[in-house]
Every structure is written in C-alpha cells, then in structure tokens.
1. Hey, does segment A:388-405 have a residue that's out of contact with any His (no Cβ under 9 Å at 6 or more places or on another chain), in a loop (DSSP other than H, G, I, E, B), farther than 30 Å from A:ARG273 by Cα and open to solvent by less than 50 Å² (accessible area, probe 1.4 Å)?
2. Among the residues of segment A:370-377, is any acidic (Asp, Glu), more than 14 Å from chain B (Cβ to nearest Cβ), over 24 Å from B:GLU123 (Cα atoms) and open to solvent by less than 20 Å² (accessible area, probe 1.4 Å)?
3. If A:PHE337 passes every condition in (1) more than 16 Å from ligand 2 (Cβ to nearest atom); (2) open to solvent by less than 30 Å² (accessible area, probe 1.4 Å); (3) at pLDDT 95 or above but one, which one does it miss?
4. Please indicate, with yes or no, whether at least one residue in segment A:123-139 is part of a strand (DSSP E or B), out of contact with any Lys or Arg (no Cβ under 7 Å at 6 or more places or on another chain), within 14 Å of ligand 1 (Cβ to nearest atom) and of a type outside the set (A, V, I, L, M, F, W, C).
5. Any idea which residue in segment A:256-290 is farthest from the other protein chains (Cβ to nearest Cβ), counting only those that are open to solvent by less than 10 Å² (accessible area, probe 1.4 Å) and part of a strand (DSSP E or B)?
6. Check A:LEU153, A:LEU131 and return the single one that is modelled with pLDDT of 95 or more, surrounded by fewer than 24 Cβ atoms within 10 Å (Cβ to Cβ), among the hydrophobic types (A, V, I, L, M, F, W, C) and within 30 Å of A:ALA24 (Cα to Cα).
7. Which of the residues belonging to segment A:406-419 are in contact (Cβ under 8 Å) with a residue 40 or more places away in the chain and open to solvent by less than 80 Å² (accessible area, probe 1.4 Å)?
8. Every residue in segment B:101-126 that is open to solvent by 80 Å² or more (accessible area, probe 1.4 Å) and part of a loop (DSSP other than H, G, I, E, B), please.
Amino acid sequence: MSLRPLILANTNGDAGWRLEHYLARGGYSALKKVIAGKVSPEDLIAEMKASVLRGRGGAGFPTGLKWSFMPKGEGEKYLCCNSDEGEPGTFKDRDILRYNPHAVIEGMTIAAWATGATRGYNYIHGEIFELYERFEEALQEARNAGLLGARILGSDFSFELFAHHGYGAYVCGEETALLESIEGKKGQPRFKPPFPANCGLYGKPTTINNTETFASVPFIINMGGQAYLDLGKPNNGGTKLFSISGHVNRPGVYELEMGTPFAELLELAGGVRGGRKLKAVIPGGSSAPVLPAEIIMDCTMDYDSLSAAGSMLGSGAVIVMDETVCMVKALERLSYFYHEESCGQCTPCREGSGWLYRIVHRIENGQGREEDLELLESVAGNIMGRTVCALGDAAAMPVRGFLKHFQSEFAWHIEHKGCLVPLDVQRAGSQIYVSPSC
Amino acid sequence: MLSAEAKQKIDREIAKYPAGQKQSAVMSALRIAQEENAGWLPKEAISEVAAYLEMPEVAVYEVATFYNMYELKPVGRHKITVCTNLPCALSGGVHVAEYLQQKLGIGFNETTPDGKFTLKEGECMGACGDAPVLLHNNHKMCSWMTPEKIDRLLAELESK
Ligand SMILES: Cc1cc2nc3c(=O)[nH]c(=O)nc-3n(C[C@H](O)[C@H](O)[C@H](O)COP(=O)(O)O)c2cc1C
Ligand code: FES
C-alpha cells in the first residue's frame, strides 16, 4: 500500500493538536533550522522548487515558482492561507486544521521568511467555525512560545499571523475573492492582471496558498526538496491528502504518495459499499469532469495521470458513485450548487449557470427536449473561459464530463421521460450510511 | 443594540488588521451582532455595525446579504442547516432532510410555530466524509446523523 502519512503522521485525533504535541512530533524544527542557519530566501525557494510541490488548492501551480514572484525589498507584504474549503467533496484542510494546525502556522512562517511577508491571514471556511476558534488558540500558543509575532525565536525576523473567518460563500475560495472578503467587502473576484504578487491584499504584494500547501512546507524543509519529490513521481512531488466520499465503506481523508493507483485508494477506503458495482468517480472535487469506472480504475492519483484521462486531480476530492446513482440527478445537484454560488458579476456565469441547471432539471423531471443535449454543450462552451474567475469553468466542466461519458443515459431520460436507474434502487442506494469509522 | 461586550469583541477583531482597515472586521462584527440578537440581523444591527466601523450602511448591508450564514429575517432559537450537496446526498443527506421536515412539520426556510426551530438547506460544509452532516446555529457541526441521533439532538435542543 502507498499510504504515506506526512502531514497527518502521528497526529492523535482531537487529542494531539496542541503545541506541546506538535513539538513532540518534531514540530517547528524546520523553522528553527531556517532561522538559526540564516538560510537565504533564494535557497529556500530553490528547495521548494526542487520538491515540485504543486499547489494543493486545485490549480496545481508550482509553489516555489509562485513564491519567487513576490517583489524583493522592504515594505508591507502579505501571505494568505486559503482554508475556505468548500468545493463539494473536499474536506482535507479541515483535518489539517483539526489535527495539525501548527504545521500550517510553521509553514506560513517559513513562507514569510522566503517571501519577505510581514503579515498573514488564514481565511477559514465559516462552516467549520469550531476550527477557526481552535486555530486562534493555536496562534496564541505559538505567540506565547516566541514562535510567531515580533522577533521570532529571538531573531530580528517578525511575522504576524491572524485568523479570518468566511460566512458562507463558496466563491471566496477563489483567491482574489478571498482578498476582497478580507478587506471587508462582498467576495467578488478581481480581474487579473494585476496578479496578487504585485497588487494583492490592501494593494500590497501578496502570496496565497492552500492550507495543505503551507502544511507541507516544514516537511519539505526537513527532508529536503529532492526527497520530498521522490515520495511521489516526477512532476508530481510528495504526498497528497485525498478526501474520499460517497459510496465507499470507509469515507475519510487518506494521505498517499502521489501516483498511487486509484484502485489502492478505493481499497483503503473499504471498497464500494454493499459490494455494489462502481459506476463513476469524480476524482478532483465536484468541478472535475467525471470518469466512468473503467477509466478511473486504470488511473493513478496524480496531476498528470488524471489530466491524461480527461479529468483533473484538483483538490484531491474523490466522489465515488455506484450503480444505484442516476447520472442526471447527480449532475442536477452539482449544477444547482454552481448556480447558487455564482457571485453574479459576470453575465456568462450568472445567466449560464442558471440555464445549465434549468435544462438538467427539466431532463431529470421528464420534460427534456431532444435538442437539450446540444443546448447544454453550447451553453457550457459559452461560459468556459469567458468569466473573471474559474467559477464559470467549474460550472461548465461537470456538464461536459457527464455528457461525454454518460450521454446515452441523458438521451434515455429525454426519450423515456424518467430515470434509467429505477427510483427505488436510487433511494436504497442513497440511504443514511452508518459509517464504521464513526 | 450592540452591547459593550460585543463592542469589546469587535475591538479584538479590529486589532487583527492594519491601521485604517477597520472594515476588514465587518464579517466578524456582523457575526457577533447576530449572535447576540437571537441569530439574525435587524436593520438597526446593520446600522450600528456600520457606525462602529465607520462604513457606509450600504457596504455593510452588501456584506450581510452576500454571505449566506447571515440571516436578515428572524429565525427560530435553533437553526438547523442540512447539507444536501451531492457527496452528502449519496450517504443519506436527503433522507436526513426529509426526516427533519417530517419531525418538525416544516419545510426548508420555515420556522416551527413555537419559534424553536428553523430548517435550512445548506451547501457543502467541507465535511463530506462525515455525511450526513448538519450545522446547529451556524457553529456546531453534527456528523454522521441518523434518525436516532436527530431525535436525541432535537430533544436536547427542545429544552434549551
Ligand atoms: C470558484 C473557486 C473556488 C476555489 N476554492 C478554493 C478553496 O476552497 N481552497 C483553495 O485552496 N483554493 C480554492 N480555489 C483556488 C484558489 O483560487 C487558488 O488557486 C489557491 O488557493 C492557490 O493555492 P495553491 O497554489 O496552494 O493551490 C478556488 C478557485 C475557484 C475559481
Ligand atoms: S457535501 Fe455535505 S459536507 Fe460536503
């Protein structure tokens, strides 16, 4: 098996998140090494580049490269951690904040050293408010121990870090909407350029990374970039937290070496529930194109393999659907979500996402028209690439994925004015699941 | 309407942001105002937050309407938000929602006549591995819900 906990290694559930526990696991040794050794920001960034850590928030942008975009020199600069995890299927940052919040604090502090950032914010999804409170406690522990704030570990390096909570807006996970939200406005994404590295929070240079990205940093510094890369496969460095939900026996978060076969992940999660047959998997969060069983079973879990299969690793959120699922209904639910969460500033996304939802909804309800499949393709195609942020793409991509692989099920719906999978079978398949892990 | 204690809490939030950036505390300030006003934000609360943070009222109102955990109308003493997004729906999210509707005798966005419970449909809470999940009064997450656990939760909340 390729289970390889790093960020979650030796964490002890709710009983192991405090500073004393993190220190006992070797925590803050990377920060100490950087400060005591006066490691230059250039060397730090080179180490990050060598690790080929790619952003864990969904886009997979190389982290070392992103850090190198920050302008050099004095002045206010910011770091933001994106813990606004709200892409359906994704729940790994929650486990990091629950079980290892200090890894995020240490990773951000090292990133501040590398980028010259003076202040940081961790933007935490409003729905996990209890973990926002926990993070504030962890910050206080770090400040009290001289690991955060002014003159860290007695050096002349200072970095202030605070928590900011969201309050129910998926779009704030988009990095510039997140900045708007921290500035106290509604979360509408900004036009780019200018990019945040030049003009970010309060108009100052800013780097934004995902929670898991920051939490990986101390481990990379401790083991060295090359060793981290070697845990995964070329161009897909390290370990990755996978959130697996839906029709498996043991849903949850599994940290695996990048490049682990999907079949192994499925086995770790206890296999398909009730011994039923696998139908389809959304491998990277709900905006990633769905893949039918026969394709996903041959994939490995990394950026390159899933992109070659026509989908993406995204946030590493794996939604498993068995043979009881009606694909039209599944897409209907996702389309509803993207329409609900569109911030409304771009017409193609605001109007198009609603249009997509209404078409899928009428097909599901037996009122589909023959021309609807073409219409769906055309509306999706007219959203893609025509909006300020990628929420429009996120609404369009699932539609295209479902149509690409399950077109015949959609056509059947339209022709027969109902579901291919009998309703009682669907209902039985979506029963309340009592997980053995709870 | 904002108590001295609430103002103290808001001051702590303001201190997190650089000088001159009080507006950044608006999300916390609205949350704090909502907490001490029975879970919703009347117009006066919005005005007071605006005055306290020296923001135009309309800017505060924009924030209050954009983020869906703020309530602009009265809610029951206990607001229950059920996640029915796809990952949760695969593991019983919809069944849990139906069970709650039947137990409470209300639909989504409705409040029981005694003012005790409001039911809401929510989007992904980032806890899909714990499906079915629900939130109580925005801040308490309840995982792996079953009819038995719902019965216990409702009985406990009934007396509060
Ligand atoms: C609609 C939308 C929602 C997003 N939600 C998240 C999120 O919840 N968490 C996250 O880290 N990134 C999210 N992203 C990606 C961020 O914009 C950004 O790329 C990421 O935080 C950068 O960090 P990384 O390079 O470490 O991945 C979202 C993007 C879009 C377009
Ligand atoms: S789908 Fe319900 S918490 Fe994610």
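The values are calculated or read from the model by the stated rules, or taken from the named source; none is laboratory data. Since the model is a prediction, treat every value here as computed from it, not as a measurement. Virtual Cβ from ideal backbone geometry, glycine too; neighbours counted across all protein chains shown. For the accessible areas, the whole protein counts, side chains as well, though only heavy atoms, and no ligand, DNA or RNA atoms are used. Shrake-Rupley method; radii C 1.70, N 1.55, O 1.52, S 1.80 Å.
1. Narrowing segment A:388-405 to residues out of contact with any His (no Cβ under 9 Å at 6 or more places or on another chain): A:388-394, A:396-405.
With in a loop (DSSP other than H, G, I, E, B) added as a condition, the list becomes A:388-390.
Then drop every residue that is not farther than 30 Å from A:ARG273 by Cα, which leaves A:388-390.
Subsequent filtering for residues that are open to solvent by less than 50 Å² (accessible area, probe 1.4 Å) retains A:388-389.
Yes, the conditions are met somewhere in segment A:388-405.
2. First pass over segment A:370-377, keeping only residues acidic (Asp, Glu): A:370-372, A:374, A:377.
Still in the running and more than 14 Å from chain B (Cβ to nearest Cβ): A:370-372, A:374, A:377.
Pick out the ones that are also over 24 Å from B:GLU123 (Cα atoms) and you get A:370-372, A:374, A:377.
Pick out the ones that are also open to solvent by less than 20 Å² (accessible area, probe 1.4 Å) and you get A:372.
Checked against the condition, which is being acidic (Asp, Glu), more than 14 Å from chain B (Cβ to nearest Cβ), over 24 Å from B:GLU123 (Cα atoms) and open to solvent by less than 20 Å² (accessible area, probe 1.4 Å), segment A:370-377 yields at least one hit.
3. (1)
4. To start, the set of residues in segment A:123-139 that are part of a strand (DSSP E or B) comprises A:123-124.
Subset that is out of contact with any Lys or Arg (no Cβ under 7 Å at 6 or more places or on another chain): A:123-124.
From the residues that got through so far, the ones that are within 14 Å of ligand 1 (Cβ to nearest atom) too are A:123-124.
Among the residues that remain, those that are also of a type outside the set (A, V, I, L, M, F, W, C) are: A:123.
Checked against the condition, which is being part of a strand (DSSP E or B), out of contact with any Lys or Arg (no Cβ under 7 Å at 6 or more places or on another chain), within 14 Å of ligand 1 (Cβ to nearest atom) and of a type outside the set (A, V, I, L, M, F, W, C), segment A:123-139 yields at least one hit.
5. A:THR260
6. Values: A:LEU131 fails: surrounded by fewer than 24 Cβ atoms within 10 Å (Cβ to Cβ).
That would be A:LEU153, the only listed residue that is modelled with pLDDT of 95 or more, surrounded by fewer than 24 Cβ atoms within 10 Å (Cβ to Cβ), among the hydrophobic types (A, V, I, L, M, F, W, C) and within 30 Å of A:ALA24 (Cα to Cα).
7. A:PHE406, A:GLU409, A:PHE410, A:HIS413, A:ILE414, A:GLY418, A:CYS419
8. Within segment B:101-126, B:ASN109, B:PRO113, B:ASP114 meet the criteria.
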